[in-house]
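What follows is a set of notes on a single structure, which appears directly below.
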Amino acid sequence: CSGKDSRCGRDGPAIRFPFRLKDSETENGCSYTGFDLTCSDKRITLIELPSHSGPVILQVISIDYLGQSLTLSDPENCLPGQFLKLFRSQISLSQSQTSPFLLYENSQATYNFTFLHCSSLSCPVHAVGSSDTLLDSGLDPTLCTKTLDIVSSRMYPPTRLNYEDYLYLTWSKPNCIKCEREGKMCKLKNNGTEDETECFDRHHKPTKKIILYVTVPFVGLILVTLILATCLRVYNYFKTKGEDETRIEKFLEEYRALNPARFSYADIKRVTNNFREKLGEGAHGAVFKGKLSNEILVAVKMLNNTEGDGKEFINEVKAMGKVHHINVVRLLGFCADGCYRALVYNFFSNGSLQKFITRPDDKDRFLGWEKLHQIAIGVAKGIEYLHMSCDQQILHFDINPHNVLLDDKLLPKITDFGLAKLCSKDQSVVSVTAARGTLGYIAPEVFSRNFGNISYKADIYSYGMLLLEMIGGRKNISQLSEENSQVLYPEWIHNLFEGKDMQVKIEGEENDIILKKLAIIGLWCIQWHAINRPSIKVVLRMLETLEEENMVVPPNPINSNTFKVGEIPIKHSTLELESIHE
Ligand SMILES: Nc1ncnc2c1ncn2[C@@H]1O[C@H](COP(=O)(O)OP(=O)(O)OP(=O)(O)O)[C@@H](O)[C@H]1O
């Protein structure tokens, strides 16, 4: 009923309804009494047939399902004896008590058989034709005795039953001929309660093979999909993890770069290759070129260890550690190792702006008015950032061309925060204990409190001086060294506007408009009274948008006798004067 035949061994006859292998699981209607078969150890198919002298076990050679017959042989090679048992049972027992099988008869002729019992032979029962004599059969008459005379009509095999002969049985119930003819499977109707049979399609139930063919690729597909999905997930996991790690690494690198690193003195020696290349010397110490291990070029400023109580150092680290702007030098690290103190900055190949402050006819160093204009804008942006963009306002107090470095693209970077002051943004007045700055760039109020309170406007003043210095080509400071009385105001600039200056002329060309703009902004920035100076935001707006027709030259304070500067001792470029408290 399973839709598939079973067999004993590879070559055994196909077993299906009404036969079945004994003890195998079968559905209702799929078994029939007397049709149970077994497989022997040698994989031969056996059937057990009832007889009045006990069960007869024969080997099933073949099953003809269409003809409903069985071909049997005796595995013990004594078929006549088995035949006799079956024959006797068949005529002495009623059909219902015996097996569902009948001995096959197909001949019209009637044959008589005589069975002999020959005790000395391994198969004691022999059958001979009734007309044959014992001698004809080749048997020893002294050992064999007649057992029974059988008259059998149409019995097959026709003449005699030899050892090699086969026995043929037929069955009539259950009748599966119709189903077999249609190539269908057969089973008992109504779940086996009646003898009547019904046919069903062999393939109505999926065979194991079909299940296998369908499920294996399906399961395989699912497995492959699962494996691919897992691989993808694992790949994505590691990819995102990798990306995360790179992101973290990048962040840490940036974080490290944002926060100045601390170097030991040994590090500084290694970075500067034992202070091999000196870039210059400022008031507070020498500057050396160096290289960090990751190929970043640096400038290391070694502070004079004999100097001060370390306030400038702390100031610079404190102020610069916070600032990150394209126009402000980045403090990469510092060293505070015993008496050694150093500051490590990015290296800027073009050095300080001072180097480029020159007359326009100096073809080697003059950058051109447009470039100087861009540098002025850059420095103003740096100051704007310091004044307005940090948590605290940073007042530089030492804006001058030495403290503006130029990178390889001539982008300006404000440096040297040694004199810087951190104060809250809403603080309009700053207290300083000593006048600070570089001579020529120091605002009047930083010199003397007579000129008012010190505020961010002090940086505006220095910036104004830097602008005038840029256009005047060192006029301010060179005059300063010769004429002590005019340190705070570059009167020459008015000569410039009045056309009296022979070195720098304003003739109305495009470049001259820039020059004029820088000069006017510079003059506004150096107003005596801080209140008259513009904020850096206004300076920037003027630098970027001021048109010639809107340029208003501020009054000359010297001519108007607004202020006359007294004698000021000039011994060092940086002044450290006590400020006058109100
Ligand atoms: N980051 C840098 N990159 C390249 N050169 C630098 C760098 N910092 C300083 N220098 C060079 O080193 C020299 C000395 O610099 P430093 O800032 O110590 O002195 P200064 O600004 O000239 O004077 P002071 O310190 O008195 O204001 C400068 O002239 C400059 O050319």
Of residues in the stretch 333-350 being more than 10 Å from the ligand (Cβ to nearest atom) and either among the acidic types (Asp, Glu) or not in a loop (DSSP other than H, G, I, E, B) (or both), the one farthest from residue 409 (Cα to Cα)
337
Among (1) without any contact (Cβ under 8 Å) to a residue 60 or more places away in the chain; (2) surrounded by fewer than 20 Cβ atoms within 10 Å (Cβ to Cβ); (3) within 13 Å of the ligand (Cβ to nearest atom), where does residue 408 come up short?
(1)
Anything in the stretch 525-582 that is surrounded by 10 or more Cβ atoms within 10 Å (Cβ to Cβ), at pLDDT 50 or above and among the charged types (D, E, K, R)? List them, or say none.
533, 537, 541, 544, 548
Select, from 314, 375, 326, the only residue that is more than 10 Å from the ligand (Cβ to nearest atom), buried (at least 18 other Cβ atoms within 10 Å of the Cβ) and not hydroxyl-bearing (Ser, Thr, Tyr).
375
Turns out the strands (runs of 3 or more DSSP E) fully within the stretch 36-137 with at least 2 residues that are crowded, with 18+ Cβ neighbours inside 10 Å and modelled with pLDDT under 80 are 105-118, 125-129
Restricting the stretch 228-257 to residues that are among the aromatic types (Phe, Trp, Tyr) and modelled with pLDDT under 75, the one farthest from residue 322 (Cα to Cα) turns out to be 251
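The values are calculated or read from the model by the stated rules, or taken from the named source; none is laboratory data. Computed from a predicted model, the values in this text were never measured in an experiment. Note that we place each Cβ from the backbone using ideal geometry, even for glycine, and neighbour counts take in every protein chain shown.
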